[in-house]
Amino acid sequence: MNNLKIKLSVIMLASIFFSCRKEKGIINEEVTKVPNQITAINGLYILNEGNFGSNKASLDYYDYANGIYRKNIYEQANPSVTLGLGDAANDIKIYGSRLYIVVNGSNKVEILDVKTAKKIGQVDVPNCRYISFYKNNAYVTAYAGYVAVIDTAALAVKTQIAVGQQPEEMAIVGSKLYVANSGGYNYPNYEHTVSVIDLNTNTELKRIDVDVNLHHLKADQYGDIYVTSRGNYANIPSNLYVIDTKTDAVKKKFNITASDICIDKDFAYIYSVEWSSITSSNVVSYTKINIKDETIIPSNFITDGTEKEIEIPYGLAIDPLSSDIYVTDAKDYVTPGTLYCFDKYGKKKFSVTTGDIPGHFAFYTK
């Protein structure tokens, strides 16, 4: 094994409390020591999806200050919630003092105290997917073909905005919300548009024609939106597009496969997992783009060869201060995954075991 691989150990310590709290009732935590990451960011929440129908969604926390990785903190903080976090978690965001978790299979948005992970409440949204925030509202995509608008004070849905079929990820630029419509239930006649919503009126303004089966959508600092297409899993491969939000039109097609994307400052990081019928195996790639001039950097963003340890990349995040790169490995989708950390130069720093199918992140500053 690589000599940087961190030997995992399970420590049963009643004196170690999540996020340096001193509370009773949180005992027998499963924790793992990993290298400290001392920056102004104090920690990282990792959301594990769990296989659909297995009710194994879970929440982990990596404490930067002491280098401790804590698994399954939701159930430890909320022992009275009998079904735990739920089935198939799909997104996580911090807004104000609260942590919002979208649990797709359980048809709900969980709202937690960001410091303690204790449950504050929940809002029911059928087949919910992703969440974004604007002023006093949370916006949640629902596969029924709308965006649910949640009042963050009342924790209740106050209206719905009709969009395209099976909407996925969203991004906000100015007072406009961009929504990737997938049509994921309609193979082979997928949806192919991005909805544009006026956040001042909560109405759909238009739809931008892009490509089939859209999924991830991220905004950069120059007023552009990057959106991935999953293709049709046959003769149309996945791809990456750029939308100019000043004109609300597609300005560039990169002609690269793209499963997920994360943007940090002037760079976009993309990984791709594409099934090859020729080799009967997955073809995995890691790409970096200079978004200032919209050019592909001709090298893998993992530079030390340790990407070979990753079986199925499934989640991607960049520390906004240190630019450390986090990639998760879903492995076989039924056993615990792995979180990998690379420095901004693509050198591996550590790896640690997570829950099942780790895929989503939220950076936290105390």
Q) Taking θ as phi - 60°, what are the ³J(HN,Hα) couplings along the range 286-299 by the Karplus curve (6.51, -1.76, 1.60), each to the nearest whole Hz, with x for Gly and Pro? A) 10, 10, 10, 10, 7, 7, 5, 10, 6, 10, 7, 7, x, 6
Q: Please give the contour-minus-distance gain from Lys253 to Ala153: 0.36 nm per residue of separation, less the Cα-Cα distance, rounded to one decimal in nm.
A: 32.0 nm
**Q.** Dipole axis of the range 134-256 (+1 Lys, Arg; -1 Asp, Glu on Cβ), positive-most option in Tyr185, Tyr222, Asn136
**A.** Tyr222
Q: Select from Gly105, Gly346, Gly174 the residue whose mean-square fluctuation is largest in a Gaussian network model of the chain (Cα-Cα springs shorter than 10 Å).
A: Gly174
Q) Projected onto the charge dipole of the chain (+1 at Lys/Arg Cβ, -1 at Asp/Glu Cβ, origin at the Cα centre), which of Ser323, Met170, Tyr286 gives the Cα projection farthest towards the positive end? A) Ser323
Q: From the P(r) of the range 310-366, can you give the percent of Cα pairs sitting at distances over 18 Å?
A: 30 percent
Q: With springs connecting C-alpha atoms under 10 Å apart, model the chain as a Gaussian network and identify which of Ala153, Ala162, Ala219 has the largest mean-square fluctuation.
A: Ala153
**Q.** Gaussian network model of the chain, Cα within-10 Å springs - most flexible of Ala258, Ala180, Ala138
**A.** Ala138
Q: For the range 53-151, calculate the relative contact order in percent as a whole number, restricting contacts to Cα pairs under 8 Å that are 6 or more residues apart.
A: 18 percent
Q) Using a Förster distance of 45 Å, how high is the FRET efficiency between Asn55 and Tyr222, based on the Cβ-Cβ distance and rounded to 0.05? A) 0.60
Q: Could you run the Karplus curve 6.51 cos²θ - 1.76 cosθ + 1.60 with θ = phi - 60° over the range 225-241 and give me ³J(HN,Hα) per residue in whole Hz, x for Gly and Pro?
A: 10, 9, 9, 9, 10, 7, x, 10, 6, 9, 9, 10, x, 5, 7, 10, 10
Q | Test item: Cα-centred dipole of the range 222-366, Lys/Arg +1 and Asp/Glu -1 on Cβ, debye | A | 220 debye
Q | the range 136-199, relative contact order [Cα under 8 Å, separation at least 6], % | A | 24 percent
Q.
Using square roots of five times the C-alpha gyration tensor eigenvalues, list the equivalent-ellipsoid semi-axes of the chain in whole Å, biggest first.
A. 31, 26, 19
**Q.** Residue-wise HN-Hα coupling along the range 335-347, computed from phi with Karplus coefficients 6.51, -1.76, 1.60 (Hz; x: Gly, Pro)
**A.** 10, x, x, 9, 9, 10, 10, 10, 6, 5, 8, x, 9
Q) Evaluated at 4 °C with a viscosity of 1.567 mPa s, what Stokes-Einstein diffusion coefficient in µm²/s does the range 259-361 have when Rh comes from the Kirkwood expression over alpha-carbon pairs? A) 93 µm²/s
(Q) Using Cα-Cα distances under 8 Å and only pairs 6 or more residues apart, what relative contact order does the range 79-364 have, in percent? (A) 8 percent
Q: Treat each spin label as a single point 7 Å out from the Cα along the C-beta direction, and report the Tyr95 to Ser276 distance in nm.
A: 4.3 nm
Q) Nearest 20 debye, what's the magnitude of the dipole of the chain about its Cα centre given +1 on Lys and Arg Cβ and -1 on Asp and Glu Cβ? A) 820 debye
Q: List every residue whose amide H lies under 5 Å from the amide H of Lys108, counting only residues 5 or more places away in sequence or on a different chain, with H placed 1.01 Å from N in the peptide plane.
A: Val103, Val125, Cys128
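Quick note: the coordinates plus some simple rules give every number you see, no bench work behind them. The model shown is predicted, which means the values in this text are computed figures rather than measured ones. Ideal geometry is used to build each Cβ from the backbone, glycine not excepted, and the neighbour counts take in all protein chains shown.
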